[in-house]
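Worksheet: the structure to be examined is printed underneath.
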Amino acid sequence: MLDAFSRAVVSADASTSVVSDIAALRGFVAEGNKRLDAVNAIASNASCIVSDAVAGMICENQGLIQAGGNCYPNRRMAACLRDGEIVLRYITYALLAGDASVLDDRCLNGLKETYAALGVPATSTGRAVQIMKASSLAHINDTNTEAQAGKRFKQMGSAKGDCSALTAEAGSYFDRVISALS
């Protein structure tokens, strides 16, 4: 996994020059608190994000919890929740580092083939990731509301300011997972 600093050093070394993109590194550091707040918002709500995504996926496809479905019996449901948390964890790693290589190398490499061999439906899995994406981006932007969350509502109080670039980056990691599954 390469963070922004490692990437700059590797790039400079490959071209046998000094690190020249100091402005980009300065920007990465300046936005560091927002990045940490975004990771914290996702990590602090990971269980709810994943369980809501799996519940939403099941609501849209009731056959998943019927006998013979991919979320039946309980051990398969537990595996689904576990996998959702793993994917979300690697997305937070990528967001923290500002680099998708850890997500690609340790999570997505061979995921589609593994799920195909296990008979896990890619459309349902992709849908769960889409729901996780929507929920995670709402937490990053601090746009979740009590009306949406009910008793589980928790305002994170993220860093104020424009988070559009960070939201787009986080969204791209979720899209990368969805693309890897299809």
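Against the condition crowded, with 18+ Cβ neighbours inside 10 Å and free of Cβ contacts under 8 Å to residues at least 40 places away in the same chain, how does I58 come out, does it pass?
Values: crowded, with 18+ Cβ neighbours inside 10 Å: yes; free of Cβ contacts under 8 Å to residues at least 40 places away in the same chain: yes.
Yes.
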Report task. Scan segment 27-45 for residues that are exposed (fewer than 14 other Cβ atoms within 10 Å of the Cβ), out of contact with any Lys or Arg (no Cβ under 9 Å at 6 or more places or on another chain) and in contact (Cβ under 8 Å) with a residue 24 or more places away in the chain and jot them down. Result -> N33
Query - Residue, modelled with the highest pLDDT, within segment 140-162, restricted to residues that are under 15 Å from V39 (Cβ atoms) and surrounded by fewer than 21 Cβ atoms within 10 Å (Cβ to Cβ) - result: N141
**Report entry** Selection count, segment 95-125, where residues are more than 24 Å from L25 (Cα to Cα), modelled with pLDDT under 90 and within 18 Å of the chain's Cα centre (by Cα)
**Finding:** 0
Query - Members of segment 112-122 that are buried (at least 17 other Cβ atoms within 10 Å of the Cβ) and either aliphatic (A, V, I, L, M) or on the phi > 0 side of the Ramachandran plot (or both) - result: V120
Requested in this report: Test L137 against the stated conditions and say whether it is at pLDDT 90 or above and under 11 Å from the mean Cα position of the chain (by Cα).
Outcome: yes
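Based on this model, can you work out whether Y72 counts as without any contact (Cβ under 8 Å) to a residue 60 or more places away in the chain and surrounded by 16 or more Cβ atoms within 10 Å (Cβ to Cβ)? Quick ask: steps written out before the conclusion?
Numbers: without any contact (Cβ under 8 Å) to a residue 60 or more places away in the chain: yes; surrounded by 16 or more Cβ atoms within 10 Å (Cβ to Cβ): no.
The answer is no for Y72.
The values are calculated or read from the model by the stated rules, or taken from the named source; none is laboratory data. None of the values given here were measured: they were computed from a predicted structure. All Cβ positions, glycine included, derive from the backbone under ideal geometry; neighbour counts span all protein chains shown.
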